[in-house]
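Read-outs: derived from the displayed coordinates by stated rules, not from any lab. Since the model is a prediction, treat every value here as computed from it, not as a measurement.
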Amino acid sequence: MDRGTFIKKGILAASGLAVLPSPSFASPQGEVFDKQEIKDFVFAAHKDFEETKRIVEQKPLILNCTNQPQRGDFETAVGGASHMGRRDIADLLVSKGARLDIFNYAFLGYDEFIMKLLTDYPNLLKAPGPHGFTLLHHANVGDRGNLASWLQEKGLTETFIKGVFG
């Protein structure tokens with residue numbers, strides 16, 4: 001083989017290696033969580049600190065999975081803890097890296113953030129959260145009196161929107 005052919009083959013071989021996934025960057029293989037595992041985790045986060053902790057420690061990747069009890073009604077474990085007023089469980093999940101949404105922020109006391117967000121995006125005021133619970137509900141169960149009053153001044157009077165999912 002002459003030098004030119006050798007270089008061409010070397011370049012082709014090297015470029016092929018560049019597009020193959022590296023074992024150190026490959027995504028973990030395995031099955032996704034089944035619906036029942038997710039449902040059990042999200043349900044536990046509504047009421048049971050120890051069970052929630054046990055599950056998330058055994059299966060850390062389940063942390064941000066969503067349950068869908070009705071069509072379009074998505075709920076995470078931190079969402080369940082939030083609308084049930086379980087600050088202890090919400091704090092555990094957030095400490096593990098749970099992703100938060102506007103309803104969680106309302107429950108956890110990020111009043112200025114919520115006010116800014118609703119000033120910029122007023123249509124979010126009456127957005128339904130998991131199961132139809134509103135921002136006002138989350139502010140109330142989080143004992144966020146100032147935020148609850150502000151939401152009411154802006155026109156949010158419902159704590160629950162019935163029939164939005166299903």
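Candidate cross-link partners of K116 among the aspartates and glutamates, defined by an alpha-carbon separation under 20 Å and a same-chain spacing of 8 or more, comprise D101, D143, E153.
Here's how it looks for F133: its modeled amide H is under 5 Å from those of I161, which are all 5 or more places away or on a different chain.
Size of the stretch 29-140: Rg and Dmax of its alpha carbons, in Å, are 14.1, 43.
Applying the Karplus relation 6.51 cos²θ - 1.76 cosθ + 1.60 with θ = phi - 60° to the stretch 78-90 yields 3J(HN,Hα) values of 5, x, x, 4, 5, 6, 8, x, 9, 4, 4, 6, 4 Hz, where x marks Gly and Pro.
In the structure displayed, which of K96/K126; K59/K162; K47/K162; K35/K162; K39/K162 lie more than 27 Å apart, Cα to Cα? Those over the limit are K96/K126; K59/K162.
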